Structures are given as structure tokens and as C-alpha cells.
Amino acid sequence: MTEIERHTIAVLVDNEPGVLARVIGLFSGRGYNIESLTVAEVDRANGLSRITIVTTGTPMIIEQIKAQLSRLVPVHKIRDLTDEGPFVEREMALIKVASKGDSRIESLRLADIFRARVVDSTTESFVFEMTGSSEKLNAFITLMEPLGLVEISRTGAVAISRGPASF
Amino acid sequence: MPAEPLSGAEIVIKALVDQGVDVVFGYPGGAVLPIYDALFKQNALRHILVRHEQGAVHAAEGYARSTGRVGVVLVTSGPGATNAVTGLTDALMDSVPIVCLTGQVPTHLIGNDAFQEADTTGITRPCTKHNYLVKDVRELARMLHEAFYVAKSGRPGPVVVDLPKDILFSPGPYSPPEEVRHKSYRPQLRPDPARITQAVEMIARAKRPLFYGGGGLINSGPKACACFAELVRLTDAPCTLTLMGLGAFPAADPHFLGMVGMHGTYEANLAMHGCDLMVAVGSRFDDRVTGRLNAFSPGSKKIHIDIDPSSINKNVRVDLPIIGDVGEALTAMLGAGPAALRGNDSAARGEWWRAIEAWRARDCLRYDRSRRDLIKPQYAIERLYALTRNRDVYITTEVGQHQMWAAQFFKFEEPKRWMTSGGLGTMGYGLPAAMGVQIAHPDALVIDIAGEASILMNIQEMSTISQYRLPVKVFIINNQYMGMVRQWQELLHGGRYSESYTAALPNFVKLADAFGAVGRRIEDPAELDDAIREMLDTDRAFILDVAVDPAENCFPMIPSGAAHNEMLLGPEDEAEKPVSEEGMVLV
């Protein structure tokens, strides 16, 4: 069997109605995986949005995903960041922990180690804001589980290549 | 003085005329009334009133595929649009350029579950190449021109433009096609010259080359087909075509091995299996062509020329992908000159041809010709072919056994003469498609080779045929079964013919009569020629109901899950090569 790879793909698209549905429909219709998908407008003057997709598949599937994406009429450019050299990938999470006593203190101490910020607090809860790689977020969330973790909201990954070259 | 602004509906008509459209296939309804009103007031566009929106799309497909132009459809909102979905999917699978205008409820009602509202852009997103919802009349002309551009450029396909009713009434600006340029959509047409050079070297080195052409050749145009033929002859290599590619290379040329794939010829499939170089041109390694993938052409290097990058390495990994228009790529390859293309190993080539001739000698399309009591379906098509040779003939088909027999026994010498539903396999395609072909070629002979089950799926279009006095011929291969279903039930499901027999078929002669056409039924092979001649000599629509052997199966056949060299050549093979468990779950 061929190895399953994880790829981060950036797609520049026309910011027009239905474009996200087109991309998502392509993934569901053809049975591809989406680990995360984020989208926002990045160029107002030219009406362009950037979609960051984290996906998994065999090399042949990844190649198909890129070819199929490039076939969509509103897609301008595609970059497979995983293939094209070093890149920075970041995700943000808001993590709510409800606890008292030692657990509460321990959660705050770990948050400090992970450089998570407290963005809301009551006597029974914290909301931590944390930015980093998805792995770092996962590690922090695992640590919070026994300490009163009650809710998580994550953005999904955004990514950009390192160095001066641009899209 | 500025001209009076046009209404949205008038912009639609003007855009169609400026795009060179002469015929629209459609069906009116509340949401498109403004367009029908505008149609009423002009003479440049002809409207063909179909009897079901699916028929409109298939007719436009027949029109498009027999002319190489964009087919245009006009339907109303809600059910008008949903009825068009099968046709759109068919056009997407077979890469047919279609622009389908759908009515929509007024913009302020969208999302309110209004009468005859459907989320047309949502529903058609996966079954079109692209679609538009016009929310501002100032965008209308641009979107319409873009729709034509997208439909016909690159790999062609259907495009929907959804038109809310208020937009059709609003006055707005018009811009002509020349002023509209799509922001980013530019399919790559020019192939990479370095890869062309590499391809030429690979062809010259090959001992056992095979050209495998598909519908992309026909879509690219007559020049691509001519270049393909030149290349095949120059290199003295065998060639095969897919179902969609038939006609791209003259069937009479000895280099042609017949169709490839599940019901392709023995020689074509064994050549696929045994070649050392496969040159795929505008073909997409469909599962009906490849058979079992892990046994597909194991010893060959593969070159794949296609305009659609997503066709490359989708099913089969190739050694040299060339992205671009096949016509341009073939022209570039021929540019290398005969000396560069021809290999110098004539001994190897001779050996390859000897192997092929041995496969050919198996005569894989043979059937029992001794029967005098009933008509063999293959014989019926052979006679139809023989009696229509040297005529200006276009063939459409429905889907099933008759379609495969037509592909095997009707020989096409030029492109755009053969219209069939390949990718989607849409029963009910052939009659409306024939209608569209006849509209495009009023003086030509247009024949729908049909099955008695398929024809009933869009039989209402006989009424359209009658209205426009189209002399379409319907040649029904009537075995009383959904023959291909019955064949699979025989091969795979122990002969349990579950629901594949049609117990109450109509009297097709009376049915023809009811629609103002001429009908005849024959059961005796001795009558066949006379009946075909009568059909050809009748200048009206004609249904010839040919009662054929109900038990006949379509051979040769690569059963699902089998490889090219595991073909069944005839009934005697069935028992020896039972279909595998894994094969059964495949379609």
C-alpha cells in the first residue's frame, strides 16, 4: 500500500457566491478527506479569497485533489505548501476549562508553559486563547482534559510559505 | 443619443444571437416568460419546443456533438431545472458544450420556498462545469458570454445560468462578447515542447506501440482527427478508439482494431494488454476501458495527451503526461517529421502486426448466422449499416446491448457522426439527441438505434419530432428485455431475471401512428432489408420495430473485475470463466 500523506494546500479563488460550496462539494463528491479548511478574503480590490485545506491521501490522490481543484473555474492558483518547501502553519483555538481548586491552578500553570492567554475568567472557569501548530494545540487540549475541559473552538490551519517568494 | 437600455430578457436574446446561436431547445414556464416574450418578438433565434426538459438537454447535446458548436437550452425554474439535471450530468460526463438557461424566482423570493423554486445553482453545482446565479442585471451580459466561453474552452462541458425573473424585467447595459474576458480561466492548450520531443522518441523506440484515441479527439476537431490518422499511418502502428472516440479514425483503415473496452474487440483489448507503448490521446482510462486496473497493460510505457490535467494519473499512472489540446500536441509531434517518428526496427513491428492479425483471425464479433427463424440483433445492425453506406448518416443510440452492438457493427469513417451516452449511460438519450442532430442537419439521415426499454424513457419527444416534421428514424432492437440487465443477471445472478422483462410493451406501430409517424414491425429476417429500405425511403419520422432474438448476449465481454486478457468471447466461455466475487460488486 502507498503511504498516506498529510498535505497543506493553499488555494486562491474568486470571492464569489458558491465558491466554498464548490470546493467542499468536490471533496465530498469525490471522497477526499478534509482535516481542516479555512477561508477568508485576502484581496478586496481583486475580490480574491484564500482557502487553506489540510488533507490526507496517497500521493496519487493528493495529485488528483490539486488537479481537480485547478479545474474549478473560479480557482486562480494552487500551492501545495507541503511539497513546495518550508512553510509556516498556525491554528488558533479557544479552550474553556471549568474547575476549582488544584485543577484550576494546574490549568493556569500549563497555560503559562504553552503560552496560552487567558481571554475570559470567572471564579469557576477560564477561556484560554492559544495559537500554534495543530500538534501544539492538540497537546494542550489533551493536558486540559482531566483538568475540567468543557468546550473547544478551533479555526483550522492557515499557512504560508517561508521566505520572500509569494503566491 | 444613447440607445434605450435593454431589458434582462432582451439582453439574453442579444447575447445568444451575438454568440452565433441559431437554435434554442426549451420549454416555457412562469419564471422564463419574459424571455419567451422577447423570443416572440424576434426572428434570429429559432426555438424548438420539447416535451420534457431532459429531452431539451439531450437534443442540445445531439446538436452540439454533430456540429461542434455550443448547444443551448432554455427551461423554467423548479421542475424545469430539476428535469434538466440528467441531461446536464450526461453532458458533463461526455464533455459536451451546453449553455442551459434556467428561470428562477425573483431575487427577493429566493430562499423562501416560493412556487417553483429550487436551489438550481446548488443542485447543478456537481453536474455542471460551472454555473452562475445572476443577481444584478449589470452582470447579466458578462455572465452569459462567460458561460459560452467556459462551456466550449478547455475540456467542454455544460454551464448553467440561473436567471431570476426580476432580473429579466430590469433594464440593464449590454456588452458584446469581444468585451468580455474571463478573469482567470485559461485552459492550457499548448503542450510542453520538451515532452513532445520525448514522446516522439518513445514512439520511434517502441516495438509494439498502440494508439488509443478518445472523445477528446472529436472535441478538439477534424484537424486533430486528421493528425491522429496521419500519425497512426506514418508510424504504421495499430490504433483503437473508445466508445466516445468512434469516427475519430476511419473504421475501414486496416490500422484500426475496433473499439476497446468491456465490449470492445478481442484484438483491440489484447493489443492494449500486450503493447510496449500506449499513446492515449483525448481518452481518460475509464473503468469500462481498463478492466481490472492492477492487470491493465502491465508491460507498457504510457503517454497520455489530454486537455484536462485531472484526467492524468487519475486511474492509471502514466509515464509521460502531456497537457494541452490534442490537436496542437499531435501537430507538434508530426512536426518532428516522418524520419524521427518511424522506428527502425521493422522486424519488431512486423512481429507485432503478426500477433495482431492472429487475434483478428479469432473473428470475435462472429455470431450465429445460420438462424432463419429469428432476427439476430447483430444482423439487424449489420444490414442497417450496409443499406445506409454512402449516405449522409448520423447515428444516435440509447443505452444497453443495442448500443454496444451499434458500436461494434456500425462503422464510422468520420467524426461527429456518432452520438451516444458513454459516461453516464443515460437510457432515453438517443431519441431527443437524434432530434437535435436532425435540427442541425435537416437534410441528413438521422437514425436512433434504440432498445425497446430505453426508447420509452423519452418517447414523448415523438411529439416534438412530429411538430417540426423531423424525418428521424427510430430503429428498435426489440428483445423485450432490458437486455444488458438480463445479460448481467445471466452471468452474475444465476439467471434470475428480476424485473428485466417488459411484460406490457406498447404496439410501436400504433404508437408511431399516434405521433404522426410511420411504423412497421418485423419478425422475419427475410423482411429486414425491405423494411429498412422502406424506412429510408420514407421522408417522415419512422419507427421500425425489429423483433430480435431475446436471448442474445453481447460479446465479446470483459466481465467486471477481469483483465483484458480474460475476455469472454462467446457463450461457450461463460461456464469456463466464472465472474469473481470481487467482480460482482463492481458496476
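In summary, B:Q116 fulfils each of the numbered conditions (1) touching a residue at least 24 places away in the same chain (Cβ under 8 Å); (2) not in a loop (DSSP other than H, G, I, E, B) with the single exception of condition (2). Pull up segment B:277-301, narrow it to residues that are in contact (Cβ under 8 Å) with a residue 40 or more places away in the chain and surrounded by fewer than 17 Cβ atoms within 10 Å (Cβ to Cβ), then point me to the one that is nearest to B:H564 (Cα to Cα). Once the filter is applied, the top-ranked residue is B:A295.
Yes/no matrix, rows are residues, columns are (1) acidic (D, E); (2) at pLDDT 95 or above:
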{"position": "A:L12", "(1), (2)": "no, yes"}
{"position": "A:E16", "(1), (2)": "yes, no"}
{"position": "A:F27", "(1), (2)": "no, yes"}
{"position": "A:Y32", "(1), (2)": "no, yes"}
{"position": "A:V42", "(1), (2)": "no, yes"}
{"position": "A:R50", "(1), (2)": "no, yes"}
{"position": "A:I53", "(1), (2)": "no, yes"}
{"position": "A:M60", "(1), (2)": "no, no"}
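Among the candidates B:S283, B:S300, the residue that is farther than 23 Å from B:Y367 by Cβ, over 18 Å from the mean Cα position of the chain (by Cα), hydroxyl-bearing (S, T, Y) and modelled with pLDDT of 95 or more is uniquely B:S300. Taken over segment B:124-166, residues that are within 28 Å of B:D90 (Cβ to Cβ), away from chain A (no Cβ under 11 Å) and not in a loop (DSSP other than H, G, I, E, B) amount to 12. Kindly provide the set of residues from segment A:137-167 that are outside any strand (DSSP E or B), touching a strand residue (DSSP E or B) at 6+ places or on another chain (Cβ under 8 Å) and surrounded by 11 or more Cβ atoms within 10 Å (Cβ to Cβ), ordered by number. Those that are outside any strand (DSSP E or B), touching a strand residue (DSSP E or B) at 6+ places or on another chain (Cβ under 8 Å) and surrounded by 11 or more Cβ atoms within 10 Å (Cβ to Cβ): A:L137, A:F140, A:I141, A:M144, A:L147, A:G148, A:T155, A:G156, A:A157, A:F167. Screening segment A:24-58 for residues that are hydrophobic (A, V, I, L, M, F, W, C), out of contact with any helix residue (DSSP H, G or I) (no Cβ under 7 Å at 6 or more places or on another chain) and within 11 Å of another protein chain (Cβ to nearest Cβ) and picking the one that is farthest from A:I4 (Cα to Cα) gives A:L48. Contact map, segment B:345-363: first residue on the phi > 0 side of the Ramachandran plot and among the acidic types (D, E), second residue surrounded by 15 or more Cβ atoms within 10 Å (Cβ to Cβ) and not in a helix (DSSP H, G or I), Cβ cut-off under 9 Å, separation 6 or more or different chains; the map is empty. Within segment B:141-150, restricting attention to residues that are in contact with a Ser or Thr (Cβ under 9 Å, 6 or more places away or on another chain) and in contact (Cβ under 8 Å) with a residue 40 or more places away in the chain, the residue that is farthest from B:P106 (Cα to Cα) is B:H145. Of B:A248, B:A237, B:A280, all but one fail to be in a loop (DSSP other than H, G, I, E, B), under 30 Å from A:V73 (Cα atoms), away from chain A (no Cβ under 14 Å) and not β-branched (V, I, T); the exception is B:A248. Remark: pairs (first residue in segment B:400-427, closer than 20 Å to B:I477 by Cα and touching a residue at least 40 places away in the same chain (Cβ under 8 Å); second residue acidic (D, E) and in a helix (DSSP H, G or I); Cβ separation under 8 Å; 6+ apart in sequence or on different chains) = B:F409/B:E382; B:M419/B:E61; B:S421/B:D90; B:T426/B:D90. Screening segment B:307-396 for helices (runs of 4 or more DSSP H) wholly inside it with 3 or more residues that are surrounded by 14 or more Cβ atoms within 10 Å (Cβ to Cβ) returns the ranges B:326-334, B:346-360, B:377-388.
When segment B:185-196 is filtered for residues that are loosely packed, with under 15 Cβ neighbours inside 10 Å and in a helix (DSSP H, G or I), the ones remaining, listed by number, are B:P193, B:A194.
Total residues in segment B:459-479 satisfying the condition of being more than 22 Å from the chain's Cα centre (by Cα) and either without any contact (Cβ under 8 Å) to a residue 60 or more places away in the chain or surrounded by fewer than 24 Cβ atoms within 10 Å (Cβ to Cβ) (or both): the figure is 5. For segment A:109-122, a residue qualifies if it is farther than 12 Å from A:L94 by Cα and free of Cβ contacts under 8 Å to residues at least 12 places away in the same chain, and the qualifying residues are A:R109, A:D112, A:I113, A:S121, A:T122. Restricting A:I78, A:I141 to those that are within 14 Å of chain B (Cβ to nearest Cβ), among the aliphatic types (A, V, I, L, M), in contact (Cβ under 8 Å) with a residue 40 or more places away in the chain and on the phi < 0 side of the Ramachandran plot reduces the list to A:I78. For segment A:89-104, check the following and say yes or no: at least one residue is surrounded by fewer than 17 Cβ atoms within 10 Å (Cβ to Cβ) and either within 14 Å of chain B (Cβ to nearest Cβ) or among the β-branched types (V, I, T) (or both). No, there is no match, as no residue in segment A:89-104 is surrounded by fewer than 17 Cβ atoms within 10 Å (Cβ to Cβ) and either within 14 Å of chain B (Cβ to nearest Cβ) or among the β-branched types (V, I, T) (or both). Restricting segment A:1-15 to residues that are farther than 19 Å from A:D80 by Cβ and buried (at least 16 other Cβ atoms within 10 Å of the Cβ), the residue that is nearest to the other protein chains (Cβ to nearest Cβ) is A:D14.
The values are calculated or read from the model by the stated rules, or taken from the named source; none is laboratory data. All figures in this text were calculated on a predicted structure; none of them were measured in a lab. Cβ: placed from backbone, ideal geometry, glycine included. Neighbour counts: every protein chain shown.
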